[in-house]
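What follows draws every value from the coordinates through simple rules; no lab data is involved. Quick caveat, the model's predicted, so the values are computed rather than measured. In this analysis, Cβ positions are derived from the backbone assuming ideal geometry, glycine residues included, and neighbour counts consider all displayed protein chains.
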Amino acid sequence: MKKILQNKIKAVPIQIWILSAIVILGIFLRTYRFHDWLEMKSDQTRDAMLVHEVMIGNSSWPLLGPTVDGTGRGIAVENLFHLGPIYYWFEIISAKIFGDYPDKLAYPDLLFSILSIPLFYLFFKKYFSENLSLALTGLYSISFFSIQYSRFAWNPNSIPFFILLFFLALYEFIIHKEKIKWSWAVLLGIALGVGIQLHIITFLIFPIITACVLVFSTKNNWNVWKKWALVLLVFMAVNTGQIISEIKTNFSNSKILLNYFSRSNLGDNQKSGFLFNFGKNIDCHIEANAHMLTSLGQEECSFYFINLLTNEKSGSFSKNMKDPIFRLALLSSFVFSFFGYWVLAYNCKKEKDKSKKYFLLLLALYMGMVFLFIMLSLKENLNFRYFNNGFFVPFMLVGFFVDYFFKKFTRFIWLLAMFLLFFSIGIFNVISISSATKELTETYKTGYNADFLVQIEPVAEYLIAHSNGKKDMYINGDFSIVHISFPLEYFLKRQNINLLRISKEEAIFSGASPFFYMSNKAPKDIDYEKIGKIYIFKLN
């Protein structure tokens, strides 16, 4: 028996063992101190409160999900466009299984992030070799950008998994057509149905691309219509909540979205001109590709390349341009993206293998749609999290680099270049992971980053312990700290304490008690409690 088991183990391909090690590493990086280092801001607080109300029986399961920014500026939340409720349903199911607490609500995002690692490998293996796919999967597994968005609850965080599942299922429809397995039809219906409920970009793009593939797969061959009918049925089942809501409200949610698109001022940036916005969009994609791959730089678009072409340059930009390392990084990111996109276009035209050619064309179609919809919503402070819909693109460009140079250089030079490329990308991410870990381990984060349970929970426990048995508590603080009051409000409400935000002057003149003030600096001549990097003192 032992010998049989040993033979079976030896029969397992080395690639499976390597992939297993990569997945285990990815699991460790995504789960280590998951509870303590869970990020909890206003969006997470809002969702946690909604789930809690459902769990205690005060509310029914929601029929609509998170709102979409920009679809109703300055108006009530109920008049904004809502995505579907599937994300809230994931959280509620997780709360019922594991418990009603913020870290438990993030388990679905964590699970889908982990599952996206082997799916990433299967996706890239459709075009690249097994070994290259493994190497790229290894980079994705330690990508600080991806790890960061797997460690808290937020509706776009599960997008990578469902994008990969969506692509793989569509690809099967393109390649096999009427011979497509029924299981892929079910998976496509799930990926499409869930995907459109996670983000406004996937809401717009997924149906368009699905329609294109449907036309292609049924052209001159209607035998596949039964599989597409199953896709539709599964899609509708996954979107039951949204469908019921629309019927009950006379399609009010859809009308909000249609009204938004019908307005002449679709984008806040349209006055800038098409060519200028087109250039800014290219700029952001170049910066996003570099950031998602290496985690270098800040987390929002700085429009560096546009600044190079304009006369007005900020002081910080001029200062950065004097740094040779900054200039090298800027040049490298430019060359990387443009060369990668050129190879993609070249391969789309020259690829002779039909299955690979269809894969590239599907990829190019999706990337083009993402580019278009991001340009329509372009704004000055565009965070790279909006590019999560194309998280796989920079890794794909790395793959193109490897393939291209393999054909052009000797084996020794190619191996040396690939080692330096993969090592540098990997080390940049390791440095970012190490830096974030050190900061969270040695001290609690401060300012706008004081939104982790390791900081929030002790503050909440202190406030609850000093509530003096009263049902109302008053709080304020420095601008850099006061935003923590949103998650604090959630924790205190679970103890039937109302947390109210008022100024010190209001507290003094109204006699509000108990009143606590929070600061990231120690107050003088006043007794205070220091929790992490937050100083709390009680106003008598």
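Beyond 28 Å in Cα-Cα separation lie the following of the pairs Lys470/Lys504; Lys471/Lys504; Lys125/Lys280; Lys504/Lys530; Lys349/Lys407; Lys41/Lys438: Lys125/Lys280.
As I understand it, the dipole of the chain uses +1 on the Cβ of Lys and Arg and -1 on the Cβ of Asp and Glu, about the Cα centre. Which of Trp414, Tyr490, Phe387 lies farthest toward its positive end? It is Trp414. Across every pair of non-identical alpha carbons in segment 320-409, the mean reciprocal distance, once inverted, gives a Kirkwood radius of 15.0 Å.
Relative contact order for segment 270-441: 34 percent, from Cα pairs under 8 Å spaced at least 6 residues apart, divided by residue count.
The distance linking segment 340-409 with segment 449-487 is 45 Å (Cα centroid to Cα centroid, whole angstrom). Relative to the longest principal axis of the C-alpha atoms of the chain, give the angle of the C-alpha long axis of helix 130-141, reported between 0 and 90° and rounded to the nearest 10°. The helix 130-141 is inclined about 10 degrees to the chain.
The mean sequence distance of close C-alpha pairs (under 8 Å, at least 6 residues apart), as a share of the length of the chain, puts its relative contact order at 15 percent.
Most simply put, the chain has about 60% antiparallel DSSP beta bridges, counting only bridges with both residues inside it. Computed from Cα positions, the angle between helix 182-195 and the longest principal axis of the chain comes to roughly 40 degrees. Extension gain for the segment His483 to Lys357, taken as residue separation times 0.36 nm less the Cα-Cα distance, is 40.4 nm to one decimal. Working note: Debye formula, equal point scatterers on the alpha-carbon atoms of segment 30-185, no solvent; log10 I(q)/I(0) at q = 0.17, 0.19 Å⁻¹ is -1.06, -1.17.
In sequence order, segment 428-433 has phi-based couplings of 4, 5, 4, 4, 5, 4 Hz under the Karplus curve 6.51 cos²θ - 1.76 cosθ + 1.60, θ = phi - 60°, and Gly or Pro positions carry x. Shown for the chain: cysteine residues without a partner Cβ closer than 4.7 Å, namely Cys212, Cys348.
In this structure, the amide hydrogen of Gly477, modeled 1.01 Å from its nitrogen in the peptide plane, lies closer than 5 angstrom to those of Met518, counting only residues at least 5 positions away or on a different chain.
About its Cα centre, the dipole of the chain is roughly 2160 debye, where the only charges are +1 on Lys and Arg Cβ and -1 on Asp and Glu Cβ. On the principal axes of its alpha-carbon atoms, the chain has extents of 79, 72, 60 Å, going from largest to smallest. Between Gln298 and Trp182, the C-beta separation translates, for a Förster distance of 51 Å, into a calculated FRET efficiency of about 0.65. Any chance you could give the angle, 0 to 90 degrees and rounded to 10, that helix 42-55 forms with the longest Cα principal axis of the chain? Around 80 degrees separate the two axes.
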